[in-house]
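Take a look at the structure below.
The values are calculated or read from the model by the stated rules, or taken from the named source; none is laboratory data. Predicted model only: the values in this text are computed from it and were never measured. Neighbour counts are summed over all protein chains in view; Cβ atoms, including those assigned to glycine, are modelled from backbone coordinates with ideal geometry.
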Ligand code: HPA
């Protein structure tokens with residue numbers, strides 16, 4: 001069984017952060033691959049490297065800075081993770097989601113999750129945005145679930161419902177902001193796979209047939225833990241590449257492409273997030 005954190009571990013991490021900030025964050029924000037520069041738009045940000053925070057894992061992947069940035073975005077007090085933890089790095093689902101419970105302890109009632117994802121829906125193009133309406137958690141369904149082990153009732157129930165894991169009111173708010181800003185946004189289902197290899201063409205076709213519109217290596221664990229703890233969740237995928245679905249294709253997916261396209265999307269995603277935060 002995975003090592004479990006105790007309620008005290010979350011409290012110690014939250015207390016460490018609390019002592020360094022002046023305003024309690026209302027919104028937690030997780031920045032995906034290539035999207036870290038978004039945190040530069042946070043005004044008066046207090047930066048706390050993950051390594052300083054008790055029990056926090058430290059992120060290892062290129063393109064992930066590994067610090068919390070706490071400040072204001074569009075006038076809303078936010079706590080942003082610049083860099084997240086992935087299952088493929090060797091972290092347990094409990095470690096991956098540790099910061100979410102800490103943000104909850106700090107007072108955040110909303111979680112905005114972003115990620116880089118491969119497009120499966122044939123109408124998606126590299127550089128598009130997708131509002132996540134639902135997910136397929138292949139890693140969790142295979143047993144690597146963030147709520148595996150004893151339940152901590154101080155956070156939420158043993159058997160949480162997942163029907164409205166992606167809060168309908170936040171989805172509506174995002175579409176409203178996107179419409180006002182004239183930023184096109186798709187809607188769809190995000191499939192989480194473990195990685196770190198990208199999908200084979202057969203896996204791409206399988207995921208598409210299973211009802212997924214985009215595929216990535218993150219997000220589902222954090223969303224489950226946030227929803228379990230009663231947070232309202234908003235999820236947005238940056239389609240950084242189009243998943244390759246035939247073996248004789250000349251196209252290929254690379255991490256460099258994911259980061260490059262992610263960087264191109266940042267200004268648009270920043271405007272969109274500021275638009276939706278302004279409505280909260
Ligand atoms: N597959 C899995 N994860 C990803 C992809 C992809 O094509 N693009 C960005 N993250």
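Which numbered condition trips up residue 265, out of (1) closer than 18 Å to residue 80 by Cα; (2) within 13 Å of the ligand (Cβ to nearest atom); (3) in contact with a helix residue (DSSP H, G or I) (Cβ under 6 Å, 6 or more places away or on another chain)?
So the condition that residue 265 fails would be (3).
Mind checking which residues of the stretch 101-127 are over 10 Å from the mean Cα position of the chain (by Cα) and closer than 28 Å to residue 15 by Cα? Talk me through it step by step, then tell me what you get.
In the first step, residues of the stretch 101-127 are kept if they are over 10 Å from the mean Cα position of the chain (by Cα); the result is 101-110, 117-127.
Scanning the stretch 101-127 gives 101, 102, 103, 104, 105, 106, 107, 108, 109, 110.
Given the criteria closer than 23 Å to residue 139 by Cα and in contact (Cβ under 8 Å) with a residue 24 or more places away in the chain, does residue 100 qualify? Outline the logic, then answer.
Working: closer than 23 Å to residue 139 by Cα: yes; in contact (Cβ under 8 Å) with a residue 24 or more places away in the chain: yes.
So residue 100 passes the test.
Any idea how many residues of the stretch 106-127 are surrounded by 20 or more Cβ atoms within 10 Å (Cβ to Cβ) and either touching a helix residue (DSSP H, G or I) at 6+ places or on another chain (Cβ under 8 Å) or in a strand (DSSP E or B) (or both)?
Just the residues of the stretch 106-127 that are surrounded by 20 or more Cβ atoms within 10 Å (Cβ to Cβ), to begin with: 106, 108, 110-120, 124.
Next, from what is left, pick out any that are either touching a helix residue (DSSP H, G or I) at 6+ places or on another chain (Cβ under 8 Å) or in a strand (DSSP E or B) (or both): 106, 110-120.
The qualifying residues number 12.
Considering only residues that are surrounded by 15 or more Cβ atoms within 10 Å (Cβ to Cβ) and at pLDDT 90 or above, which ones fall in the stretch 245-264?
Once the filter is applied, which keeps residues that are surrounded by 15 or more Cβ atoms within 10 Å (Cβ to Cβ) and at pLDDT 90 or above, the stretch 245-264 yields only 245.
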